[in-house]
Amino acid sequence: MHKGQWVDVIKQAIPGLAMLLDEPMWAHTSLKVGGPVDVMLMPTSAEEVCQVLHLLKEHDIPRYIMGNGSNLLVRDGGIRGVVIKLGDNFSDAVVEGSRIRAQAGISLTKLAHMAWQGGLTGLEFASGIPGSLGGAIAMNAGAYGGEMADVLEKVVCCNLDGNMSTLDLPALELGYRSSKVRNEKLVALEAVVALKPGDRTLIRDTMDDLNRRRREKQPLNFASAGSTFKRPSGYFAGKLIDDAGLRGICVGDAQVSDLHCGFVVNRGRATANELLELIDLIRQQVWDKYQVELELEVQVVGED
Ligand SMILES: Cc1cc2nc3c(=O)[nH]c(=O)nc-3n(C[C@H](O)[C@H](O)[C@H](O)COP(=O)(O)OP(=O)(O)OC[C@H]3O[C@@H](n4cnc5c(N)ncnc54)[C@H](O)[C@@H]3O)c2cc1C
């Protein structure tokens, strides 16, 4: 089946589903690179997500799930098939006592803000992470000593056949920047985070302090996807890169941030190819000098 045909199949099966054709991925990622995706779908309910997944499986159409695109490096040729974007369109949330139940597309910043408003502590670490709840579950996002594993109680997921299940904390198999959701290509639909009653002033002060530290240490004035590499056991990626003499080096407009060497940034017009070339160069030089293998934290998707 060619693209025009399967677009019609989707339109007929789920009328009203928000759909963008040949949508440039650079417009949906914090790194601001990436060619077009054939079709971007933006479902608004769990049922719609499951229906879409079932349909794509049935017609053998490739699919990729994204949240806020803050950990993605999409190649210049873009993505063939469908990207299902779970963002603002899928972001209802409600406070239930000391828990918050939320759809996966809600931003972590908004979720942390809700927790503060409700006098609930536990999500302060997440207030400056620019991802969605779903992306944070998939990546077990963390910062300043906290991580999603500390607050998640359960997650409603959907598999690629379109079947829903609920995973409790142990079943989520959360590890350092890894999860069952990511390893088994599940889609996180909705989650319950369990927090504790806390002092609103203290919660606000902690969030402000962490965000101030971020602004001081991270190159937030340039496009990036956060830390490019995972923390290698026993080392810090940024320090290894700095010690290897790579601070500030460029390939085109792709640069090792001179503020934080763990971030590869797009200074304006970088292509995905330039970013990937720089990433290869960093990995090679760090390996040559220190025999440490830098593993990517950023998810690379799409085709050249
Ligand atoms: C300036 C900056 C600072 C950052 N700081 C931190 C930090 O302190 N700590 C940290 O951990 N990360 C940090 N990040 C990286 C990023 O914000 C996190 O990894 C975040 O959790 C990604 O969420 P997202 O919604 O943007 O996911 P995306 O980038 O859209 O996707 C990331 C991965 O999650 C998967 N995914 C997304 N949504 C779902 C879903 N609903 N179900 C299943 N899989 C899904 C995608 O398929 C992909 O594999 C930072 C990034 C930037 C740009």
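In plain terms, the chain from Arg215 to Lys239 could stretch by 6.8 nm, reckoned as 0.36 nm per residue minus the Cα-Cα distance. Note on the range 3-85: with charges restricted to the Cβ of Lys and Arg (+1) and Asp and Glu (-1), its dipole about the Cα centre is near 200 debye. Take the Cα of Trp287, step 7 Å toward its Cβ, do the same at Arg269, and the gap between the two points is 3.2 nm.
Report the charge-dipole magnitude of the chain in Debye, nearest 20, computed about the Cα centre from +1 at each Lys and Arg Cβ and -1 at each Asp and Glu Cβ.
520 debye
Surface analysis of the chain yields an accessible area of 46 Å² per residue, using protein heavy atoms and a 1.4 Å probe. Only protein heavy atoms count here; on that basis, with a 1.4 Å probe, Lys11 has an accessible area of about 110 Å².
Provide the FRET efficiency to the nearest 0.05 for the Leu202-Glu96 pair, computing r from the beta carbons and using R0 = 30 Å. So, using R0 = 30 Å, E works out to roughly 0.85.
Plugging the Kirkwood radius over Cα pairs into Stokes-Einstein for the range 90-217, at a temperature of 20 °C and a viscosity of 1.002 mPa s, what D comes out in µm²/s? Estimated via Stokes-Einstein, D reaches 148 µm²/s.
In debye, nearest 20: dipole of the range 1-48 around its Cα centre with unit charges on the Cβ of K, R (+) and D, E (-)? Numbers along the way, then the final one.
Values: 3 positive and 6 negative charges, 28 e Å.
Dipole about the Cα centre, nearest 20: 140 debye.
Dipole orientation for the chain: of the candidates Val95, Ala272, Thr206, Thr206 has the Cα lying most toward the positive pole (charges on Cβ; Lys, Arg +1; Asp, Glu -1). Per residue, the convex hull around the alpha carbon atoms of the range 3-85 comes to 83 Å³. Only helices enter this figure: runs of n ≥ 4 DSSP H residues, each worth -39500 (n - 2.57), summed and divided by the residues of the chain, yield -9000 deg cm²/dmol at 222 nm to the nearest 500. Looking at the chain alone, DSSP beta bridges between its own residues are antiparallel in about 80 percent of cases. Extension gain for Ala27 to Asp60 (0.36 nm times residue separation, less C-alpha to C-alpha distance): 9.2 nm. Ranking of Thr44, Thr271 by solvent-accessible surface, largest first: Thr44, Thr271 (1.4 Å probe, protein heavy atoms only, all chains present). DSSP beta bridges confined to the range 50-111 are antiparallel in about 50 percent of cases. Straight-line cross-link reach from Lys196 at under 28 Å between alpha-carbon atoms covers these lysines, not counting any fewer than eight positions away in the same chain: Lys110, Lys154, Lys180. Derived from the Cα gyration tensor, the three semi-axes of the equivalent ellipsoid of the chain are 30, 27, 16 Å, largest first.
The values are calculated or read from the model by the stated rules, or taken from the named source; none is laboratory data. Remember, predicted model here, so these are calculated numbers, not experimental data. Don't worry about glycine lacking a Cβ; one is built from the backbone with ideal geometry, like all the others, and counts go over all protein chains shown. Quick note on the areas: whole protein, heavy atoms, side chains included, nothing else; ligands and nucleic acids left out. Shrake-Rupley method; radii C 1.70, N 1.55, O 1.52, S 1.80 Å.
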